[in-house]
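Each remark here refers to the structure printed beneath this line.
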Amino acid sequence: MKKIFLFAFSLCCFHFAQTQQCNSLRYQDTIFHSVAETDGIYFGTATPFGALALPQDLLLDFYEPANDTLTHRPLIVFQFGGGFTIGWRSQPAIPAFCNYFAKCGYAVASIDYRIGLNPLDTASTVRAYYRGVQDERSAIRYLCAHAQQYKFDTSLIILTGTSAGCFCAFANAFTNDADRPLASFGSLLEPNDLGCLDCSGNTDLGFHIPHIKAIVNQWGAIMDTSFIEATENTPVISFHGDQDNAVPYVYGYPFQLPVFPQVYGSVPIHERLTNLGITNVLHPLVGFGHEPELLNPQLNDTVYNYARPFLFELLKPHTSEITGDSIVCEHSTAHYSVVNTAGSKYCWNIIGNGTLISNNGNSITVQWNDTGFVSVTVKELNQIMAEGEEKSFQTYVAPKPHAGFGFNATELHVAFLNMSGNAVNYLWNFGDGNTSTALNNSNDYSSGGTYTITLIADNNFCADTAYNTITIDSCPVADITFQLNSHNAFFYSPATNTTSYFWNFGDGDSASVASPNVFHQYAQNGTYSIVLRVENQLGCVSIDTLTLNVGTTGINDVENEIFLTQSGNTLLINTGNLQPIKAELFDITGRLINQTECNNPCAIPIHNFSAGIYLLKVMSGNKLLIRKEKF
């Protein structure tokens with residue numbers, strides 16, 4: 001009993017563990033209590049605004065969950081706002097944002113970039129924007145080149161920031177060198193060419209950045225919504241005050257100053273993305289202006305509470321529907337599977353009385369032990385520890401039918417009784433080529449023998465098969481015939497379906513033989529009652545009787561008319577007349593071993609017979625001789 005309890009307990013623990021190991025709130029809540037921060041990481045050097053300015057070192061701060069062992073995390077890159085004129089990587093509200101998402105399980109980098117512009121020159125404002133785009137790309141390239149060190153997945157880079165930082169985020173997700181603003185090649189006051197998008201800061205990652213996974217847009221804008229193309233499928237969640245006078249909510253000049261080029265705010269961005277079928281959400285901050293979180297910290301929670309599930313939906317595994325057996329038989333196995341994703345774990349749970357036969361990760365085999373509706377569920381945990389939605393699949397376990405039958409044989413006629421349970425369809429095979437689909441059946445066999453009967457019973461879902469072997473035969477017929485010569489009597493009976501012959505000769509002698517012929521020699525004249533009892537292999541019996549007069553009538557003594565002589569290995573028969581001779585030779589049990597028909601005289605070779613006593617029967621015309629011979 002103790003072993004049974006421990007086994008049952010271990011099974012319970014197994015199912016619990018299977019479910020628990022795929023439960024993860026990572027990216028859904030702040031599951032880490034502390035954050036490890038590394039400040040001032042150098043990622044590049046670039047020439048800032050100003051003709052006499054010296055090259056500027058570019059730095060970033062890196063945030064990650066403390067003591068995190070995961071090596072493939074999504075990365076959030078934060079770029080501060082400030083109209084490309086002021087700001088730094090750790091200005092108010094940024095560390096709080098970075099710490100919050102690091103506690104949710106992300107790796108987060110807050111970057112510096114070159115600021116400064118001529119507020120009287122439109123080209124200078126565009127060039128400031130372009131330098132910010134370049135520097136963010138430089139930071140991304142550096143981080144990707146060291147992704148193993150910083151333990152993040154380069155295919156899961158999310159861009160965010162505020163205001164100007166999100167201008168750069170949109171540019172890096174939706175533009176390329178073909179979209180470079182004309183001012184970036186040089187202007188009247190700033191003639192130097194700023195170079196291509198990836199031609200500044202560093203040479204990491206072969207001068208390109210990976211596809212951007214998503215953007216968290218906080219009151220940013222884009223130079224032209226036509227830059228967004230359907231092939232650049234980067235989901236966006238936008239937060240923007242509808243009273244923003246610095247970055248247009250819809251369209252206009254930043255800060256309402258014509259020195260800046262007109263830009264498209266969150267509303268047209270949302271419309272463009274929606275029209276192209278790119279996932280996006282716009283959350284208007286009704287009644288709020290620019291950088292509203294500085295005076296209204298509660299808006300940080302708004303950003304957290306909407307951005308967190310939006311990003312999680314992009315990160316979590318989208319497990320396929322379970323495919324499997326929808327109907328199975330009781331005590332049989334069912335197979336279930338989902339599409340496998342490299343690096344994912346799959347946790348299955350059995351709901352119902354079933355036994356897990358095998359678990360191959362994305363597929364399982366279950367033996368169901370009860371009837372009715374049962375189900376399995378699966379939850380996927382991908383390689384970044386994001387939990388997928390639980391999938392379920394229902395199976396109907398049909399009761400298994402029981403096939404069985406009995407039978408009753410009367411000679412070659414057999415009646416079958418169907419003893420099956422929980423079945424509605426039947427298929428009989430009677431072993432002789434005949435079949436039937438009736439509930440109960442009978443079959444008439446053409447000959448005796450051993451037959452294997454098969455019955456398949458099913459209930460439209462499951463089937464069972466019963467087998468039985470039967471031996472049948474017709475009853476034998478006892479019918480005595482005889483030939484009598486003096487005191488020698490030769491008895492025989494038809495050999496139909498008979499396995500044993502028991503003779504009672506009426507003079508105190510009897511014989512049990514396997515052949516239908518028997519010889520008996522009477523010692524004296526008299527009237528004798530002959531009884532023959534025959535039996536077949538199934539025990540069916542037939543009896544015949546006969547009264548035989550020996551020495552009075554029916555005796556034809558031809559001892560002096562048929563002559564027998566042995567000459568070497570030949571038995572010679574001579575009847576003294578010209579009639580054909582028919583000779584039959586029987587062994588001592590009455591089994592016919594030789595039959596010869598020839599003209600007089602007749603020679604029978606005997607060299608192949610074993611030495612012993614034989615019964616010879618000779619017929620010629622109306623003459624009959626029955627006699628024992630010794631060879």
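Among the residues of the stretch 92-102, just one is closer than 26 Å to F49 by Cα and modelled with pLDDT of 95 or more, namely I94. Looking across the stretch 342-351, the residues that are surrounded by fewer than 18 Cβ atoms within 10 Å (Cβ to Cβ) and in a loop (DSSP other than H, G, I, E, B) come down to A342, G343.
Remark: pairs (first residue in the stretch 300-319, in a helix (DSSP H, G or I); second residue aliphatic (A, V, I, L, M) and crowded, with 21+ Cβ neighbours inside 10 Å; Cβ separation under 6 Å; 6+ apart in sequence or on different chains) = A307/V216; A307/I237; F310/I237; L314/A214; L315/A386. Listed by first and then second residue, the pairs with beta-carbon distance under 8 Å, at least 6 apart or on different chains, first residue in the stretch 270-288 and assigned to a strand (DSSP E or B), second among the charged types (D, E, K, R), are P284/D242; L285/D242. When restricted to residues that are over 22 Å from F167 (Cβ atoms) and among the small types (G, A, S), the stretch 59-95 contains 1. Looking at the stretch 184-224, which of the residues that are surrounded by 21 or more Cβ atoms within 10 Å (Cβ to Cβ) and among the polar types (S, T, N, Q) is farthest from the chain's Cα centre (by Cα)? Taking the candidates together, the pick is S184. Please verify whether the stretch 45-60 includes one or more residues that are closer than 21 Å to A102 by Cβ, out of contact with any Phe, Trp or Tyr (no Cβ under 6 Å at 6 or more places or on another chain) and not hydrophobic (A, V, I, L, M, F, W, C). No: the stretch 45-60 contains no residue that is closer than 21 Å to A102 by Cβ, out of contact with any Phe, Trp or Tyr (no Cβ under 6 Å at 6 or more places or on another chain) and not hydrophobic (A, V, I, L, M, F, W, C). Return yes or no: is A246 in contact with an Asp or Glu (Cβ under 8 Å, 6 or more places away or on another chain), within 25 Å of Y304 (Cβ to Cβ), surrounded by fewer than 22 Cβ atoms within 10 Å (Cβ to Cβ) and assigned by TED's automatic domain parsing to the domain that holds C144? Yes: the conditions hold for A246. Within the stretch 421-442, residues that are over 10 Å from I453 (Cα atoms) have Cβ atoms under 8 Å from residues that are of a type in the set (D, E, K, R) and not in a strand (DSSP E or B) in these pairs: N422/K400, counting only partners at least 6 apart in sequence or on another chain.
Determine which member of the set A17, A36, A51, A8 is at pLDDT below 95 and either surrounded by 13 or more Cβ atoms within 10 Å (Cβ to Cβ) or part of a loop (DSSP other than H, G, I, E, B) (or both). The conditions single out A51. Give the residue that is nearest to L52 (Cα to Cα), with candidates limited to residues of the stretch 151-183 that are among the β-branched types (V, I, T) and surrounded by 21 or more Cβ atoms within 10 Å (Cβ to Cβ). The selected residue is T162. Evaluate the stretch 362-380: report whether one residue or more is touching a residue at least 60 places away in the same chain (Cβ under 8 Å), in a strand (DSSP E or B) and not assigned by TED's automatic domain parsing to the domain that holds T452. Scanning the stretch 362-380, I find at least one residue that is touching a residue at least 60 places away in the same chain (Cβ under 8 Å), in a strand (DSSP E or B) and not assigned by TED's automatic domain parsing to the domain that holds T452, so the answer is yes. Among the residues of the stretch 491-510, those identified as over 23 Å from I472 (Cα atoms) and at pLDDT below 90 are F491, Y492.
Filtering I237, I209 for residues that are assigned to a strand (DSSP E or B) and either in contact with an Asp or Glu (Cβ under 9 Å, 6 or more places away or on another chain) or assigned by TED's automatic domain parsing to the domain that holds F49 (or both) leaves a single hit, I237.
Scanning the stretch 85-119 for residues that are assigned to a loop (DSSP other than H, G, I, E, B) and of a type in the set (A, V, I, L, M, F, W, C) returns I86, W88, A93, C104, I115, L117.
Sort out which residues of the stretch 287-319 are among the small types (G, A, S) and in contact with a Gly (Cβ under 8 Å, 6 or more places away or on another chain), and write them in order of number.
G287, G289 - these are the residues of the stretch 287-319 that are among the small types (G, A, S) and in contact with a Gly (Cβ under 8 Å, 6 or more places away or on another chain).
Restricting to the stretch 162-172, give me the number of residues that are touching a helix residue (DSSP H, G or I) at 6+ places or on another chain (Cβ under 6 Å) and either assigned to a loop (DSSP other than H, G, I, E, B) or small (G, A, S) (or both). Number satisfying all stated conditions: 1.
Check Y142, Y113, Y106, Y130 and return the single one that is under 25 Å from E293 (Cβ atoms), at pLDDT 95 or above, of a type in the set (F, W, Y) and over 43 Å from the mean Cα position of the chain (by Cα). Testing whether each residue is under 25 Å from E293 (Cβ atoms), at pLDDT 95 or above, of a type in the set (F, W, Y) and over 43 Å from the mean Cα position of the chain (by Cα) leaves just Y113. From the list Y264, Y249, pick out the single residue that is modelled with pLDDT of 95 or more, more than 19 Å from S155 (Cα to Cα) and out of contact with any Ser or Thr (no Cβ under 6 Å at 6 or more places or on another chain). Result of the check over Y264, Y249: Y249. Selection of the stretch 173-195 for residues being over 14 Å from Q134 (Cβ atoms), part of a loop (DSSP other than H, G, I, E, B) and free of Cβ contacts under 8 Å to residues at least 12 places away in the same chain yields G186, P191. I'd like to know if the stretch 446-457 contains one or more residues that are at pLDDT below 90, in contact with a strand residue (DSSP E or B) (Cβ under 7 Å, 6 or more places away or on another chain) and of a type in the set (S, T, N, Q). No, the stretch 446-457 contains no residue that is at pLDDT below 90, in contact with a strand residue (DSSP E or B) (Cβ under 7 Å, 6 or more places away or on another chain) and of a type in the set (S, T, N, Q).
The values are calculated or read from the model by the stated rules, or taken from the named source; none is laboratory data. Bear in mind the structure is a predicted one, so any value in this text is a computation, not a measurement. All Cβ positions, even for glycine, are placed from backbone atoms using ideal geometry, and neighbour counts span all protein chains on display.
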